[in-house]
Amino acid sequence: MADKNQKRDKFGSTFGVIAAAAGSAVGLGNIWKFPYIAGVYGGAAFLFVYLAFIVAIGLPVMLSELIIGRKSQRNAFGAFKVLAPGTPWKYIGILGVGAAFLILSFYGVVAGWSVHYIIVSIQDGFASKSPEQINSLFSTFIESPVQPVIYQLIFMLATAAIVIVGIKKGIEKFNKILMPLLVLILIGLAIKSVTLDGAMAGLEFLFKPDFSKLTGDGILSALGHAFFTLSLGMGTLITYGSYIGKDNNLVKTVINVTVADTVIAILAGIAIFPAVFAFGIAPAEGPGLIFITLPNVFHQMPGGFLFSILFFILLTVAALTSSISILEVVVAYFKEEFNMGRRGATVLATVLISMLGIMCSLSMGVLSPVTLFGLSFFDLMDWVSANIMLPVGGLFIALFIGWFFGRKKVEAEVAKGGNLSGIFLSSFMFLVKFVAPIAIAIVLLNKIGLLNF
Ligand code: TRP
């Protein structure tokens, strides 16, 4: 049980709330995943669908999570016990805490690669290499049993070091410094990229609407990605919401965070593709885009040395402000449900997640023969969390707010520091009651193969 007399740590300012929530949202998903899927599925045509999902489903689910968190003043699991005592709703919270374990275990691996690539960049490690060498630099590194694990643990330690300090002095303070830094680096990189000769082709790849490329798969990816990029479905924003004061305008916060996340994803595309196309390199999919394609670009580009260092710092910072939000879900849960101190909860969560994470890292190399359902450990953690746990979580969060919590309580909670009424409130209720659950259910059934387009 949580200690009722224990004073809850809180965010100190409106900007702090936005920086923290946007810090969670802006991550690896924005920098490498979004630009690529946007380009592949028809540029502006995809963007259009993606934005529709962000507005119609992302915004309402994000607001739902913040309402649950602020109203209950509890962690993702405890929140449902407070708001719906004696009901099974609390299992949504358990699912979220579980998802946090899985996501952070593989997220930390990729973030560790990014830390390593800062060092490689500083040593000017791409300069003298052929494309084949840049390729094998990456595959040799990620398959090795020791080095990536060390970088991953360094990253996890940095995450823990911020979380252990607490909400206001740790998480909020670091986001307030790191997020503006991230935006500055990104704007600098985008300007450099679009001013290269031949940049136009990259902008076309990203923005030229091509409706013939917008397949059913593209539409499903748009919804799945809308969830991942906004950090929804896992209780991250329930947890952060529980640290938001009664004077905060939740609707405004949600809009600010969503706009920031979307603008940063588009900026990342502008920083990456013009540079890639300017050097006539075919963009790779997934991690390869960042760790193989881009180093090939840096290698040829005037000023590529500096560009590469800044880019991997950017990527690491984006990952760090997200990873602290994921760790905090578990820490808040341990702290309040098992009455642990913040220090003990952080150490325990970090150790457990890192152990799972080491398995993920090793599954790239020595453990690669070990598979489950045909997936390596890394891919399994990714697949189960992103395709199953987050959508299921988001689905039930929307249903909870729409059908259990209800219109009156929503109106009352949002009225603290803001306002949502009339047609806006009705639209919100319609979205969380019907639109979001149905859309998520369709995507979910399709992902697990029960429904096919
Ligand atoms: N949104 C982050 C990204 O785009 C990742 C992330 C952080 C996340 N917290 C989350 C994803 C919670 C799902 C759920 O990289």
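Only the coordinates and a few stated rules stand behind these numbers; no lab work does. Remember, predicted model here, so these are calculated numbers, not experimental data. A quick note on method: Cβ atoms are made from the backbone with ideal geometry, for glycine too, and the neighbour counts reach across all protein chains shown.
For segment 282-353, applying the loop criterion from DSSP together with a ceiling of 16 other beta carbons within 10 Å to the GluC sites (Glu not before Pro) yields E285. So for segment 9-144, taking the charge dipole from beta-carbon charges (+1 Lys/Arg, -1 Asp/Glu), which of S128, Y36, A22 sits furthest toward the positive end? Selected residue: A22. Counting Cα-Cα pairs of segment 363-453 in 10 Å increments starting at 0 gives whole-percent bin shares of 15, 32, 24, 17, 10, 3. When the Cα atoms of segment 270-396 are aligned to their principal axes, the ranges along those axes come out at 55, 34, 34 Å in descending order. Given in Å, the Rg to one decimal and the Dmax to the nearest whole number for the Cα atoms of segment 132-172 are 15.4, 47. Here's the picture: charge each Lys and Arg Cβ at +1 and each Asp and Glu Cβ at -1 in the chain, and of P437, V110, S354 the one pushed furthest to the positive end of that dipole is P437. Three principal axis extents describe the C-alpha atoms of segment 218-346; from largest down they are 55, 33, 28 Å.
How many percent of Cα pairs in segment 360-405 exceed 18 Å? Within segment 360-405, distances greater than 18 Å cover 46 percent of Cα pairs. Take the Cα of A127, step 7 Å toward its Cβ, do the same at N419, and the gap between the two points is 6.1 nm.
For segment 271-340, the set of chymotrypsin sites (Phe, Trp or Tyr not before Pro) satisfying both a DSSP loop assignment and a count of at most 16 other C-beta atoms within 10 Å is given as F338. List, in the order given, every pair from K90/K408; K208/K416; K168/K192; K10/K447 whose Cα-Cα distance in the structure shown is over 32 Å. Beyond 32 Å between Cα atoms: K208/K416; K168/K192; K10/K447.
Across the options F291, G98, G344, the greatest Cα extent toward the positive end of the charge dipole of the chain (unit charges at beta carbon of Lys, Arg, Asp, Glu) belongs to G344. Across the chain, the volume of the C-alpha convex hull divided among the residues equals 135 Å³ per residue. To test your reading of the geometry: what angle, between 0 and 90 degrees and rounded to tens, separates the Cα axis of helix 216-229 from the longest principal axis of the chain? That helix lies at roughly 70 degrees to the long axis. The phi torsions of segment 389-400, fed into the Karplus equation with coefficients 6.51, -1.76 and 1.60 and a -60° offset, translate into couplings of 5, 5, x, 4, x, x, 4, 6, 5, 4, 4, 4 Hz, rounded to whole numbers, with Gly and Pro shown as x.
Assuming charge only on the beta carbon of Lys and Arg (+1) and of Asp and Glu (-1), the dipole of the chain about its Cα centre is about 1760 debye to the nearest 20.
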